[in-house]
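K.L.:
Can you read through this structure? Questions will come right after.
The values are calculated or read from the model by the stated rules, or taken from the named source; none is laboratory data. Keep in mind the model is a prediction, meaning the values are calculated, not measured. Remember, those area values only see protein heavy atoms, side chains included, never the ligands or the DNA or RNA. Shrake-Rupley method; radii C 1.70, N 1.55, O 1.52, S 1.80 Å.
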Amino acid sequence: MPSTKDTIASLLLESFTPEKLEIRDDSAKHTEHIETELDISHLSIFIVSKKFEGLSLVNRQRAINKILQPFFDKGLHAVQLNTKTPKEYHGK
């Protein structure tokens with residue numbers, strides 16, 4: 001069975017076809033105060049996708065959070081998002 005992190009990566013790859021995707025598990029920093037039924041509680045996600053073009057930062061985050069909602073429902077506590085368009089990422 002794939003890890004929660006791998007499952008989230010697959011969903012983000014499928015939904016956003018990113019040119020870059022990095023997911024870091026930050027759960028170890030929060031073990032003293034978070035209980036979850038998942039194998040992860042805190043994530044940092046860096047994603048670069050053409051699908052963010054024309055979207056505000058808030059709407060980019062909403063799009064990702066919609067995909068992650070089932071994981072939040074099971075105990076994912078926090079996700080730090082850094083979303084970029086290819087133009088923003090490459091500085092063009």
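K.L.:
Do you know which of the residues in the range 29-53 that are open to solvent by 90 Å² or more (accessible area, probe 1.4 Å) and modelled with pLDDT of 95 or more is farthest from residue 1 (Cα to Cα)?
P.N.:
So, considering only residues that are open to solvent by 90 Å² or more (accessible area, probe 1.4 Å) and modelled with pLDDT of 95 or more, the one farthest from residue 1 (Cα to Cα) is 53.
K.L.:
Restricting attention to the range 80-92, and to residues there that are more than 15 Å from residue 59 (Cα to Cα) and not hydroxyl-bearing (Ser, Thr, Tyr), which single residue is most open to solvent (accessible area, probe 1.4 Å)?
P.N.:
Checked the range 80-92; the qualifying residue most open to solvent (accessible area, probe 1.4 Å) is 92.
K.L.:
Condition first: part of a loop (DSSP other than H, G, I, E, B) and either closer than 16 Å to residue 23 by Cα or open to solvent by less than 40 Å² (accessible area, probe 1.4 Å) (or both). Now tell me which residues in the range 54-79 satisfy that.
P.N.:
Residues satisfying the conditions are 75, 76, 77.
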